[in-house]
Amino acid sequence: MKKTIAIVVTTVLLSGVNALAQGTIFFANRLSAAIFAPVYLSDGTSPVTGSGYSAQLFAGPAAGSLAAIDSPLPFRGAGAGAGSWAGFQVTIPTVAPGGVAALQVRAWNNGGGTAASYAAAVAGGLENGQSAVFNSEPLGGGSPPAAAPNMIGTANAANSMTSFNLSPGTIVPEPSVLALGVLGGLALLIRRRK
């Protein structure tokens, strides 16, 4: 009985420590018309717009340990917010409040919902792009809770996301097209031998 109580108390204490060890950041690339780091299509001038495109934050304690944070967000429609998504506060579970996280934003054409992740868009040859990796300012959270910093418009430009362009993607041929190409090549070889 004493052993069970000790395990329960230890579990409760550790879960409380883990909950406090998660820093927060405000995940947005538009704070105002002047503080804005839009994402552009491959032409470098047209902002990404609409729910056919997604953005997601990748974060970790170092550049080599980035992981997807929260769910992908759709881009806003045309207008003043084109090239951005609706921002909100996210929790980075691997970095404590007051710590500095390595951050990267990845965006992609979600293929009408068929590419639910950045990796799926890359594998499917869809438009995709990513920001340079940058470091956050000290993360918010903790007890008492500190305010979550912004990821753009910071006092130090090295702690801000900058604009980036999507690449046009690559067309990946269907397996049936490849099979037809191989059969056509074989037919030419056979015909040539006769």
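The values are calculated or read from the model by the stated rules, or taken from the named source; none is laboratory data. Everything numeric here is computed off the predicted structure, so don't read it as measured data. Virtual Cβ from ideal backbone geometry, glycine too; neighbours counted across all protein chains shown.
List of remarks:
- Flag if Ser131 is in contact with a Phe, Trp or Tyr (Cβ under 9 Å, 6 or more places away or on another chain), under 14 Å from Phe26 (Cα atoms) and small (Gly, Ala, Ser): no
- A count restricted to the range 71-122 and to residues that are touching a Lys or Arg at 6+ places or on another chain (Cβ under 8 Å), assigned to a helix (DSSP H, G or I) and at pLDDT below 95 stands at 0.
- The residues in the range 99-115 that are touching a strand residue (DSSP E or B) at 6+ places or on another chain (Cβ under 7 Å) and small (Gly, Ala, Ser) can be counted, and the count is 5.
- Of all residues in the range 101-131 being β-branched (Val, Ile, Thr) and under 15 Å from Phe58 (Cβ atoms), the one that is nearest to the chain's Cα centre (by Cα): Val105
- Within the span defined as the range 116-129, every residue fails to be touching a Gly at 6+ places or on another chain (Cβ under 6 Å) and within 21 Å of Gln89 (Cα to Cα).
- Residue in the range 117-124 that is among the hydroxyl-bearing types (Ser, Thr, Tyr) and touching a residue at least 12 places away in the same chain (Cβ under 8 Å) present: yes
- Condition met for Ser51 (under 16 Å from the mean Cα position of the chain (by Cα), of a type outside the set (Val, Ile, Thr) and assigned to a loop (DSSP other than H, G, I, E, B)): yes
- The condition of being surrounded by 15 or more Cβ atoms within 10 Å (Cβ to Cβ), at negative phi, in contact with a Gly (Cβ under 8 Å, 6 or more places away or on another chain) and among the aliphatic types (A, V, I, L, M) holds for only one of Ala55, Ala101, that being Ala101.
- Inter-residue pairs, beta-carbon under 8 Å, first within 18 Å of Pro168 (Cβ to Cβ) and in the range 86-114, second among the charged types (D, E, K, R), 6+ apart: Trp108/Glu127; Asn109/Glu127
- The range 27-48 residues that are farther than 15 Å from Gly77 by Cα and touching a residue at least 12 places away in the same chain (Cβ under 8 Å), paired with ones that are part of a strand (DSSP E or B) and of a type in the set (Ser, Thr, Tyr) (beta carbon under 7 Å, 6 or more apart): Ser42/Ser167
- Qualifying positions in the range 123-151 - outside any strand (DSSP E or B) and not small (Gly, Ala, Ser): Leu126, Glu127, Val133, Glu137, Pro138, Leu139, Pro144, Pro145, Pro149, Met151
- Test: residue in the range 75-96 that is in contact with a Gly (Cβ under 7 Å, 6 or more places away or on another chain), over 20 Å from Leu166 (Cα atoms) and surrounded by fewer than 16 Cβ atoms within 10 Å (Cβ to Cβ): no
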